[in-house]
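The values are calculated or read from the model by the stated rules, or taken from the named source; none is laboratory data. Bear in mind the structure is a predicted one, so any value in this text is a computation, not a measurement. Every residue, glycine among them, receives a Cβ derived from its backbone with ideal geometry; neighbour counts consider all protein chains shown.
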Amino acid sequence: METELLNAGFLQDAQSWIVNNQELIIRYTVNMAAALLTLVIGFIAVGMLTGGLNRVLKARKVDSTISDFVTSLLKYGLLAFVIIAALSRVGVQTASFVAVVGAAGLAIGLALQGSLSNFAAGVLLIGFRFFKAGDYIEAGGTAGTVHSVQIFTTILMTPDNRMIVVPNSKILNDSIVNYSRESTRRLDLVIGVAYNADLQLTREVLTRILDNEPRVLKEPAYRIAVSNLGASSVDFIVRPWVKAEDYWNLKFDLLEKIKNELDANNIGIPFPQMDVHLFRQDKA
């Protein structure tokens, strides 16, 4: 009986509070609904805006490293604005909130100096255009084809289709070798022949191979010369100029052709050998 009276009293108090604060409840309910609506519409609008901007930039043939970086930066900035707008709808003082966020940002910034340096490095990489999407580069202790430059990282794809994520600051603080920047490259081969080989005949064979290869550029002219008298071989340098996209295929094909032509002309290619001398020792 006592419990029932307590429950009845609680319900009566609750009903009384609801009646007395009806206007406040309605206002906060409307504000919460408005905040949720702001978040939903804001997130959808941000997605549509950044997606449309990305499509426009790509339609104008803007490099994808720049378009991806700009749209990512704009997306996170707009999302922060939407969240602040939603909080203001529920009565949060945005001025004080921004001050708190600023103070927290300073503390977080001191704790996350590496991330901020990656962000700054990303801005510099985009601004100075050391490479673009599709370039094959060597940087940050690794190598691969540039897929995209993100806010904090750069995505590389290796020739065997592995994805490598490299911090932007590591790339900026290291040497960057861009193999795709220029349209032509020099192919450097070292061909060793035996000391008893006819050097003039060897030069003629190498010259004939390059002259008959259409992928070797006429200008700049190739160079064939004796570069070293090694321990067991006479080394020729073979340096033709090729288009950048033909580099690897031509290198593999030339090595095969050179080996076959040297064999066909009885020009020996030395290889490491070991002479073993056996001595017989008579027992005393």
Region 238-248, subset of a type outside the set (K, R) and at pLDDT 95 or above, residue nearest to Q200 (Cα to Cα): V238
Meets criteria (modelled with pLDDT of 90 or more, more than 28 Å from S183 (Cα to Cα) and in contact with a Leu (Cβ under 7 Å, 6 or more places away or on another chain)) for I224: no
Filter result for N249 (closer than 30 Å to P159 by Cβ and surrounded by fewer than 13 Cβ atoms within 10 Å (Cβ to Cβ)): yes
Residue in region 228-245 that is charged (D, E, K, R) and assigned to a helix (DSSP H, G or I) present: yes
Which numbered condition F279 misses (of (1) hydrophobic (A, V, I, L, M, F, W, C); (2) without any contact (Cβ under 8 Å) to a residue 40 or more places away in the chain; (3) within 30 Å of V146 (Cβ to Cβ)): (3)
Failed item, numbered, when I224 is tested on (1) surrounded by 13 or more Cβ atoms within 10 Å (Cβ to Cβ); (2) out of contact with any helix residue (DSSP H, G or I) (no Cβ under 6 Å at 6 or more places or on another chain): (2)
Residue in region 108-129 that is in a loop (DSSP other than H, G, I, E, B), surrounded by 12 or more Cβ atoms within 10 Å (Cβ to Cβ), of a type outside the set (V, I, T) and modelled with pLDDT under 85 present: yes
Leading residue by the ranking (farthest from V123 (Cα to Cα)) among those in region 169-204 that are in contact with a Ser or Thr (Cβ under 7 Å, 6 or more places away or on another chain) and small (G, A, S): A194
When residues of region 253-272 are limited to those that are assigned to a loop (DSSP other than H, G, I, E, B) and of a type outside the set (S, T, N, Q), the one nearest to R208 (Cα to Cα): I267
Test: residue in region 233-240 that is free of Cβ contacts under 8 Å to residues at least 60 places away in the same chain, surrounded by fewer than 16 Cβ atoms within 10 Å (Cβ to Cβ) and among the small types (G, A, S): no
Candidate set from region 195-214 (those that are surrounded by 15 or more Cβ atoms within 10 Å (Cβ to Cβ) and assigned to a loop (DSSP other than H, G, I, E, B)); member that is nearest to the chain's Cα centre (by Cα): E213
Cross-chain or 6+ apart pairs with Cβ under 6 Å, region 204-231 first and assigned by TED's automatic domain parsing to the domain that holds K243 and within 18 Å of G192 (Cβ to Cβ), then of a type in the set (S, T, N, Q) and part of a loop (DSSP other than H, G, I, E, B): V205/N265
Flag for L49 being at pLDDT below 80 and either part of a helix (DSSP H, G or I) or within 42 Å of the chain's Cα centre (by Cα) (or both): no
